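The values are calculated or read from the model by the stated rules, or taken from the named source; none is laboratory data. Every value quoted in this text rests on a predicted model; they were computed, and no experiment measured them. Here the Cβ positions follow ideal geometry from the backbone for every residue, glycine too, while neighbour counts run over all protein chains shown. Note: areas computed on protein heavy atoms with side chains; ligands, DNA, RNA excluded. Shrake-Rupley method; radii C 1.70, N 1.55, O 1.52, S 1.80 Å.
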Amino acid sequence: MNQAPPHPRPRAPRVLFITPEVHPLAKTGGLGDVSAALPAALREMGVDVRLLIPGYPSVLDGIGHTRRVAAFDTLPPFPPSILRSARLSTGRRPMETPAYVIDCPVLYQRAGDPYVDAEGRDWPDNALRFGLLSRIGAILSSDASPLAWRPRVTHCNDWQSGLAPAYLDFHAGRKAATLMVIHNLAFQGIFPADTVAATGLPPASFRMDGVEYHGGMSFLKAGLYYADHIATVSPTYAREIQTPALGFGLHGLLAARRDRIIGIVNGIDTNEWNPATDPALPQRYTAATPEGKAASKQALQRTMGLHADPGIPLFGAVSRITPQKGYDLILEIAPQLIDLPAQLVILGSGATPLEQALTQLARNHPGRIAVRIGFDERLSHLIEAGADSFLMPSRFEPCGLNQMYSQRYGTPPIVRATGGLVDTVTDYSTPAALFANGASGFMFTEMTAASLLDAIRRAVAAYHDRPVWRRLMANGMSRDFGWHGSARAYRELYLSLQS
Ligand code: ADP
Ligand code: GLC
């Protein structure tokens, strides 16, 4: 009997994941978290994904044993770089992720932040630093690679890896397909025109249909133009970036490539962010034992110098302090917020004028408002657990992770209806809707202080209605924000690209 030939098994994806940040070694925001958790989730489903990261001191010191696997000394004007292979433990996950680290001391061996110096100014050689990351990523993705392992798909993240698709486009030999993932369109990596020569791209790339952007060169535009496919970190943001309002000057290019854009919502690392096991909390808790949360509130009030008061609603915020995150609105409504009455705690760092204004705000309202300027992973966990509600009045938000962390910690978020916040929070409207739609937070639309304050008032009213609040907490805590669904979507995308 004739049998139909079996379907050929799709070749397992083999992916090079190029990233400038990975938690816990180098993190300034959500990209660090995603670069740790997504590859780990992909490996658990059989995808052979490996990271490529710059060898900042925190990476080389923290990654453990490394092995030299290649040297690149043919990339003028870059000094010779050594490629080291290592295995990265991310969070409290059992599996390790293979990683390639670029050891180039002249470009990466310096104290502080990956992108800026101690005064907050961009490192002057950022084009070379991330040009090198992109270029080595492109070499490893082609038949020019010195390694036996070759990816079939190269997954680029943000502008820092945006030149990789451009280098690959100009490579004549065999090469991987490219995916450019936008985590934040506000950062584009724009440099003077002579950067094209300095990064070794052919002059032919410097055109409107290429890397040119208003007379300069844009790393992110390069990625968006040359990549085979584009993804961003939520479906709503995928639509928003095609509009002038949130396209940051690239909406035309993005709209023209709309059939090559997909929005895949981020997940969270549910091992790392779990109130039932979190070592940063004085007492662990679950949806069944939410009372344990009170110990975190007490610890947070004590640590931050707020009045000890178990019954007052306590609002928290943790983020980069930039115009994106809406701190201008928080500054405006803070006096009315504490009159509700309520308390406010903020952790973040970023733009100096906003940092100073927030510090002054806390000085004006001791015991009611507390602000910690800096980056403090442990305190960020305590705020997620100890606050009653979490503030995210973002002007735009590609995905946002903290609103998911807060729902998981029984801390209903107050979010603006933008980007991934729309896709991950369900607004509370009426008590009846609580049961019908699984409401888990509060949403407002207008980017105004009055709208934010209105949402905060709604939250405070709900907070004082204990059955309603308990249900809001339970709805958020029982939502599944794990990576499996989204990792599966990336896996499908890789399979379609490498075929
Ligand atoms: P973004 O990537 O725009 O900064 P996300 O919400 O996606 O926003 O992710 C921010 C991540 O960075 C979260 O894990 C958040 O807790 C963390 N984070 C931001 N600022 C700080 C800080 N000052 N201290 C500790 N963690 C921070
Ligand atoms: C960005 C975005 C944030 C997103 C994160 C991870 O920095 O601002 O919304 O969650 O990247 O994708």
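Brief remarks on what is shown
- Screening segment 454-499 for residues that are among the basic types (Lys, Arg) and crowded, with 18+ Cβ neighbours inside 10 Å and picking the one that is nearest to residue 261 (Cα to Cα) gives 491.
- Hey, residue 280 more than 18 Å from the chain's Cα centre (by Cα) and farther than 30 Å from residue 201 by Cβ or not: yes
- Candidate set from segment 376-399 (those that are part of a loop (DSSP other than H, G, I, E, B) and closer than 19 Å to residue 283 by Cα); member that is nearest to ligand 1 (Cβ to nearest atom): 387
- Residue that is most open to solvent (accessible area, probe 1.4 Å), among those in segment 341-375 that are of a type in the set (Val, Ile, Thr) and assigned to a strand (DSSP E or B): 373
- The single condition from (1) under 30 Å from residue 95 (Cβ atoms); (2) in a loop (DSSP other than H, G, I, E, B); (3) open to solvent by 40 Å² or more (accessible area, probe 1.4 Å) that residue 266 fails is (3).
- From the list 187, 170, the one residue that fits, being within 16 Å of ligand 1 (Cβ to nearest atom), modelled with pLDDT of 95 or more, open to solvent by 40 Å² or more (accessible area, probe 1.4 Å) and in the same structural domain as residue 253 (by TED's automatic domain parsing), is 187.
- Hits in segment 207-231 - residues which are closer than 10 Å to residue 193 by Cα and either surrounded by 21 or more Cβ atoms within 10 Å (Cβ to Cβ) or of a type in the set (Asp, Glu) (or both): 211, 212, 213, 217, 218
- Residues that are within 16 Å of ligand 1 (Cβ to nearest atom) and assigned to a loop (DSSP other than H, G, I, E, B) within segment 313-340 comprise 322, 326, listed in sequence order.
- Count of residues meeting criterion [open to solvent by less than 60 Å² (accessible area, probe 1.4 Å) and in contact with a Gly (Cβ under 7 Å, 6 or more places away or on another chain)] in segment 276-286: 1
- Taking first residues from segment 218-233 that are more than 11 Å from residue 164 (Cα to Cα) and at pLDDT 95 or above and partners that are among the basic types (Lys, Arg) and more than 16 Å from ligand 1 (Cβ to nearest atom), the Cβ contacts under 8 Å between residues at least 6 apart in sequence or on separate chains come to 228/260; 229/260; 230/257; 230/260.
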